[in-house]
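S.K.: One structure follows; several queries about it will come next.
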Amino acid sequence: MDKQKLIMLPGPTNVSERVMRAMLGPVINHRGDAFRELYKGVLEKTRHLFQTEGDVVVLSSSGTGGVEAAVWNIIRPGDVAVVPVFGEFSTRLAEAVEMAGGRAVRVTSEFGKVPTTDELKAAMDKQGRFKAMYLVHNETSTGVAAPYIEEATRLAKEHGAFAVIDAISSLGGYAIPVDKWGVDVCITGSQKCIAAPPGLALLSLSKGVAEFLKSSPPKTRYFDIPRYLEYGAKGETPFTPALPLYYALDEALGELLEEGFAKRVERHERMSGLLYDGLAKMGMKAVAEKSVRSRTVVASYYPQGVDDAKFRKALAHDKGVVIAGGFGPFAGKVFRVGCMGQINEGYVSTTLKAISETMAGFRN
Ligand SMILES: Cc1ncc(COP(=O)(O)O)c(C=O)c1O
């Protein structure tokens, strides 16, 4: 087995020993009282995470399953959805709408930037009424965060549309108060800012979306959200839950709530500031402009001539620090550092030192 390295990926991220140990809990009957108690606690903590009094569900799937659930439960053949597209994950979201038989109206920007709210508004006005807006809050592929969830949600509502936010790589490092902002569906993943292991997707649902789903059941069995709500009311999931992950999520959300949301968000902001500053001091340029740069994924261009694969291999092998490469047009040119969950001064300084020392060897 590989020795534990410092996982500075944009997910999965480092998980505390307390959370890892929680997974050693007993295998129990998922239709028994012990699981019901566990799941009810998980749902309650998940409500705190989304700052909602509405319904939440936890799926035994990675984030992509959460995204598919949000698409297949809302989109019916012929429906139109407005989708800002500014990186790999928002591209996938637009494709997911099309796979469900919908039509995606893409509002595009160059990768590394984000469409403006004026562009979004113009596309929505041109469309008139549509079914939903699907916005990736934090483009993990480029390290850019759309700084306008609340405004985009309001615009979608003005067009009679549901507002769906993919906050898979941001919720926990950012606060997204879904009730206050009117977000209909917000999706996140266990392996990012919540700092649990990968394998669970968490979703919040507004009253409006829950009512729509009751009147128009989706054509999917595994991601049938109305069914999750029906079972969730009794503390169960419709299908066999990934039990050890629910133990871990319960513990990780406990850690998050003990720290307090405001403190956690502030810590993510401060740590990402240290990462951006440290890389700038080494002469490296961030992909994102400061106004839209992400506090959970720090993406930076390599200095000329550094081989991405060799650099990251050396960093992991010699220094025990694991970071990610770039996507699509950024492949080979950009590296990405996760600033999520357990992120602290120690992790940041170890990472910066490792990058600096390893880079020195590559610049010679
Ligand atoms: C914004 C965003 N959406 C969706 C996904 C897909 O999540 P997963 O890899 O957990 O399926 C990711 C994963 O990094 C992501 O960052």
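S.K.: Against the definition (loosely packed, with under 15 Cβ neighbours inside 10 Å, under 26 Å from G260 (Cα atoms) and of a type outside the set (S, T, Y)), how does G346 come out, yes or no?
M.R.: Answer is yes for this residue.
S.K.: Restricting the stretch 24-67 to residues that are part of a strand (DSSP E or B) and within 15 Å of L243 (Cβ to Cβ), which is nearest to the ligand (Cβ to nearest atom)?
M.R.: So, considering only residues that are part of a strand (DSSP E or B) and within 15 Å of L243 (Cβ to Cβ), the one nearest to the ligand (Cβ to nearest atom) is L59.
S.K.: Name the residues in the stretch 44-66 that are of a type outside the set (G, A, S), touching a strand residue (DSSP E or B) at 6+ places or on another chain (Cβ under 6 Å) and surrounded by 18 or more Cβ atoms within 10 Å (Cβ to Cβ), would you?
M.R.: T46, F50, T52, D55, V56, V57, V58, L59
S.K.: A further question on this structure: From the list P115, P147, exactly one residue is within 16 Å of the ligand (Cβ to nearest atom), free of Cβ contacts under 8 Å to residues at least 60 places away in the same chain and assigned to a loop (DSSP other than H, G, I, E, B). Which is it?
M.R.: Going through P115, P147 in turn, just one is within 16 Å of the ligand (Cβ to nearest atom), free of Cβ contacts under 8 Å to residues at least 60 places away in the same chain and assigned to a loop (DSSP other than H, G, I, E, B): P115.
S.K.: Would you confirm whether or not the stretch 177-184 contains a residue that is small (G, A, S) and under 22 Å from P10 (Cα atoms)?
M.R.: no
S.K.: Would you tally the residues in the stretch 179-199 being within 25 Å of I7 (Cβ to Cβ) and in a loop (DSSP other than H, G, I, E, B)?
M.R.: Residues flagged as within 25 Å of I7 (Cβ to Cβ) and in a loop (DSSP other than H, G, I, E, B) within the stretch 179-199 amount to 10.
S.K.: Now, a different point. Determine whether A81 is part of a helix (DSSP H, G or I) and either within 16 Å of the ligand (Cβ to nearest atom) or farther than 30 Å from S300 by Cβ (or both).
M.R.: In short, no.
S.K.: Among (1) part of a loop (DSSP other than H, G, I, E, B); (2) of a type outside the set (A, V, I, L, M); (3) within 16 Å of the ligand (Cβ to nearest atom), there is one condition Y134 misses while meeting the rest; what is its number?
M.R.: All conditions pass for Y134, except number (1).
S.K.: Taking the options L202, L229, name whichever one is assigned to a strand (DSSP E or B), modelled with pLDDT of 95 or more and either under 21 Å from the mean Cα position of the chain (by Cα) or more than 16 Å from the ligand (Cβ to nearest atom) (or both).
M.R.: Criteria check complete, one pass: L202.
S.K.: Filter the stretch 328-352 down to residues that are among the β-branched types (V, I, T) and more than 15 Å from E269 (Cα to Cα), then give me how many there are.
M.R.: Residues in the stretch 328-352 being among the β-branched types (V, I, T) and more than 15 Å from E269 (Cα to Cα): 3 in total.
For (1) free of Cβ contacts under 8 Å to residues at least 40 places away in the same chain; (2) basic (K, R); (3) out of contact with any Pro (no Cβ under 9 Å at 6 or more places or on another chain); (4) within 16 Å of N73 (Cα to Cα), each residue gets a yes or a no:
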{"residue": "A167", "(1), (2), (3), (4)": "yes, no, yes, no"}
{"residue": "S170", "(1), (2), (3), (4)": "no, no, yes, no"}
{"residue": "G182", "(1), (2), (3), (4)": "yes, no, yes, no"}
{"residue": "S206", "(1), (2), (3), (4)": "no, no, yes, yes"}
{"residue": "P217", "(1), (2), (3), (4)": "yes, no, no, yes"}
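S.K.: Go through (1) touching a Gly at 6+ places or on another chain (Cβ under 6 Å); (2) farther than 24 Å from R154 by Cα; (3) crowded, with 22+ Cβ neighbours inside 10 Å one by one and return the number of the condition A81 breaks.
M.R.: Condition (2) is where A81 drops out.
S.K.: Something else about it: Residues of the stretch 1-23 being of a type in the set (D, E, K, R), under 15 Å from L245 (Cα atoms) and out of contact with any Asp or Glu (no Cβ under 9 Å at 6 or more places or on another chain), which ones?
M.R.: Answer for the stretch 1-23, where residues must be of a type in the set (D, E, K, R), under 15 Å from L245 (Cα atoms) and out of contact with any Asp or Glu (no Cβ under 9 Å at 6 or more places or on another chain): just E17.
S.K.: Tally up the residues in the stretch 45-73 that are of a type outside the set (A, V, I, L, M, F, W, C) and more than 16 Å from L200 (Cα to Cα), please.
M.R.: 7
S.K.: For the stretch 261-304, give me each residue that is assigned to a helix (DSSP H, G or I) and basic (K, R).
M.R.: K263, R264, R267, R270, K281, K290
S.K.: Taking L274 as meeting all but one of (1) at pLDDT 95 or above; (2) assigned by TED's automatic domain parsing to the domain that holds G102, write down the number of the exception.
M.R.: (2)
S.K.: Quick check on the stretch 168-192: of everything there that is more than 12 Å from the ligand (Cβ to nearest atom) and among the β-branched types (V, I, T), which residue is surrounded by the fewest Cβ atoms within 10 Å (Cβ to Cβ)?
M.R.: Going through the qualifying residues, I end up with I176.
The values are calculated or read from the model by the stated rules, or taken from the named source; none is laboratory data. Source: prediction; values computed, not measured. All Cβ positions, even for glycine, are placed from backbone atoms using ideal geometry, and neighbour counts span all protein chains on display.
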